[in-house]
1. For I33 and A78 in the same chain, what is the full-extension length gain: residue separation times 0.36 nm, less their Cα-Cα distance, in nm?
2. What spacing in nm lies between the two simple spin-label points modelled at D46 and E149, each 7 Å away from Cα in the Cβ direction?
3. Roughly what percent of Cα-Cα pairs across the range 10-119 reach past 24 Å?
4. Averaging sequence separations of C-alpha pairs under 8 Å and six or more residues apart, then dividing by the length of the range 1-86, give the relative contact order as a whole percent.
5. Please return the longest range in the chain lying between exposed loop sites, taking chymotrypsin sites (Phe, Trp or Tyr not before Pro), DSSP loop only, at most 15 other beta-carbon atoms within 10 Å, and leaving the sites out.
6. Using only C-alpha atoms and all pairs of different ones, pull out the Kirkwood radius for the range 87-129 in Å with one decimal.
7. Scan (i) 0.98; (ii) 0.93; (iii) 1.16 for the value of Rg/Rh (Cα atoms, Kirkwood Rh) calculated from this model and give just the label.
8. Once you keep just the Cα pairs under 8 angstrom separated by 6 or more residues, what percentage relative contact order results for the chain?
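Laboratory data are not the source of any read-out in this text; all were calculated from the coordinates shown. Predicted, not measured: the structure shown is a model, and the values here were computed from it. Every residue, glycine among them, receives a Cβ derived from its backbone with ideal geometry; neighbour counts consider all protein chains shown.
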Amino acid sequence: MKKNLTTAILMTAVTTVLLGVVYPLVVTGLAQIWRDKASGQIVTKDGVMIGSRIIGQPFTGAAYFHPRPSAAGNGYDATSSGGSNYGPTNQKLVDRVKGDVATLQAENPGKPVPVDLVTTSGSGLDPDITLAGADFQIHRVAAARGISEADLQKLVAEHTERRQFGFLGEPRINVLELNMALDEKFSVRPAQSK
């Protein structure tokens, strides 16, 4: 009995030190090799944190590309990540999507609204939009900034991320990075805001 108790206490002490101290230190040390990825891929401008490359955030001004809608908390709340859990027949979801479609159709009459501009992602924090989502918004953004749609299409093409390994996922555009590039390359009219 005493031998079993001693063995149990020693195993508890050894596994606590190994898994509670050594392992976390080794993993943290290895993560520092890829510091930007291990620290949330924070995006800074002039030493000020602007946002994260991997967490969506709201942009509402006409001079900016808008992300997907968010169901995380009150919208884009990283501490409350998750979808709405509304089923396709839920009236609240149906009403929200109909309202979003009507707003977008008024912005760009006669053009089909891309599904990613009216539906939330599973996490509610998707930082990317599809090529169709960006293309749909080019007219509004170009008009608000007083630039040609062709120039804006070139900028969108420069910020398009291709499929991973050539076959995983879909081509996409990071909204934060695209909007930062917009601010750098094309001035925004004073009446427009983020």
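1. On the way: separation 45, 0.36 × 45 = 16.20 nm, distance 2.49 nm.
Answer, rounded to one decimal: 13.7 nm.
2. Once both label points are built, they end up 3.4 nm from each other.
3. On the way: 3109 of 5995 pairs.
Value for the range 10-119: 52 percent of Cα pairs lie more than 24 Å apart.
4. Normalised by residue count, the contact order of the range 1-86 is 12 percent.
5. Here the longest segment lacking exposed loop sites spans 1-85.
6. The Cα-based Kirkwood calculation yields 11.4 Å.
7. Matching the structure shown: (iii).
8. Once divided by the residue count of the chain, the mean separation gives 22 percent.
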